[in-house]
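Only one structure is covered here, and it is reproduced in the block below.
The values are calculated or read from the model by the stated rules, or taken from the named source; none is laboratory data. Only a predicted model underlies this, so the values are computations on that prediction, with no experimental measurement involved. Cβ placement follows ideal geometry from the backbone for every residue including glycine, while neighbour counts extend to all protein chains displayed. With ligands, DNA and RNA removed, areas are computed over all heavy atoms of the protein, side chains included. Shrake-Rupley method; radii C 1.70, N 1.55, O 1.52, S 1.80 Å.
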Amino acid sequence: NAGVMQNPRHLVRRRGQEARLRCSPMKGHSHVYWYRQLPEEGLKFMVYLQKENIIDESGMPKERFSAEFPKEGPSILRIQQVVRGDSAAYFCASSPRLLGTGELFFGEGSRLTVL
Amino acid sequence: SQQGEEDPQALSIQEGENATMNCSYKTSINNLQWYRQNSGRGLVHLILIRSNEREKHSGRLRVTLDTSKKSSSLLITASRAADTASYFCATAGPYNQGGKLIFGQGTELSVKP
């Protein structure tokens, strides 16, 4: 059973470009979470999605960031007009049920570098 | 603000010694979890303790939870060089407060052979 798959693992963008990060949850998991980790820091919650629904986006910056989890295909975290401060590791995690009852399964992360 | 605060921020011990990491949180929880992160990798779940539990064991790991003090500790016994990693606590709030896990800043553990 494949784990949570994230790609790309590393992404380099220039200021003003767009970054698209993809996440395929574990088989059978319908809950996806995105977290951001700055160097030497913990993970900051960004958004929680179920298929075709955004459940909690309280951690998403108000502008330039968006996320989706379509009926078919991976979840996408999209960052428009990237700035240097967006450089970070972005982690996706999935769970088979509503959080509060079990663990999260994490991908290896996508490391974004903005030049 | 971040729910979990951990201390120490960094811990360096010799192989064979025990390592204790502490986590404090601010609001009511459904459960508290500990995760491990090796450098450059994703997080791996270690252990979960529910709000009505006080202590839990898994192999060389022992977790305690004190809901009156809003704190938890993770003890790794007989540490090995392979235990070198960052360790994070994470709290899950009550169901009616949404489904997200809130992570602490982490403790960086270095075990010297």
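Among the residues that make up the range A:28-42, is at least one of them part of a strand (DSSP E or B), surrounded by 22 or more Cβ atoms within 10 Å (Cβ to Cβ) and in contact with an Asp or Glu (Cβ under 8 Å, 6 or more places away or on another chain)?
Among the residues of the range A:28-42, not one is part of a strand (DSSP E or B), surrounded by 22 or more Cβ atoms within 10 Å (Cβ to Cβ) and in contact with an Asp or Glu (Cβ under 8 Å, 6 or more places away or on another chain), which makes the answer no.
State all residues of the range A:1-27 that are outside any loop (DSSP other than H, G, I, E, B) and β-branched (Val, Ile, Thr); if no residue qualifies, say none.
Listed by number, the list holds a single entry, A:Val12.
Of the conditions (1) farther than 30 Å from A:Leu112 by Cβ; (2) surrounded by fewer than 17 Cβ atoms within 10 Å (Cβ to Cβ), B:Asn31 satisfies every one except a single condition; which number is it?
Every condition holds for B:Asn31 apart from (2).
If you go through the range A:65-72 one residue at a time, do you hit one that is within 30 Å of B:Tyr87 (Cβ to Cβ) and free of Cβ contacts under 8 Å to residues at least 24 places away in the same chain?
yes
Considering each residue of the range A:43-64, count those that are more than 8 Å from every other protein chain (Cβ to nearest Cβ), surrounded by 15 or more Cβ atoms within 10 Å (Cβ to Cβ) and among the aliphatic types (A, V, I, L, M), and give that number.
The number of residues fulfilling the criteria is 4.
Looking only at the range B:65-92, which residues are open to solvent by less than 10 Å² (accessible area, probe 1.4 Å), of a type in the set (S, T, N, Q) and at pLDDT 95 or above?
Once the filter is applied, which keeps residues that are open to solvent by less than 10 Å² (accessible area, probe 1.4 Å), of a type in the set (S, T, N, Q) and at pLDDT 95 or above, the range B:65-92 yields B:Ser72, B:Ser79.
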